[in-house]
1. Give me the net charge of His73's neighbourhood, meaning all other residues with Cβ under 14 Å from the Cβ of His73; Lys, Arg count +1, Asp, Glu -1.
2. Quick one: Val57, Val21, Val67, fewest Cβ neighbours within 10 Å first, how do they rank?
3. How many nm separate the modelled label positions at Gln53 and Met79, each set 7 Å beyond the Cα in the direction of the Cβ?
Amino acid sequence: MRSGCWRVRREGLGRRVPLAVADGIAAHLAPDGPQQACVKALGLLALIAGALQLSRVLADPKPADEVLEQGIHNATALMRAAS
């Protein structure tokens, strides 16, 4: 199966949805579709997902919110640097 930039080993909604999001990010980064934009987009998606997962693990809301804020800051900085 192929999803924009990605060739996927297994099919399933859990695999297609994140790749569709990454395809949208890659299209924003490089409308002509170079492969490097696809790699950056997947890295950006991983960064966002990691910040979200980590913030959900923390019991105290203040550090959890700080992790989310830092994740947003890092993702925004990466998008600006890539475009």
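1. Summing Lys and Arg as +1 and Asp and Glu as -1 gives -2.
2. Listing Val57, Val21, Val67 from fewest to most nearby Cβ atoms yields Val57, Val21, Val67.
3. Output for this residue pair reads 2.2 nm.
Bear in mind that the values in this text are calculations on the coordinates, not laboratory data. This one's a predicted model, so the numbers in the text were calculated from it and none came from an experiment. Using ideal geometry, Cβ is built from the backbone for each residue, glycine included, and neighbour counts are taken over all protein chains shown.
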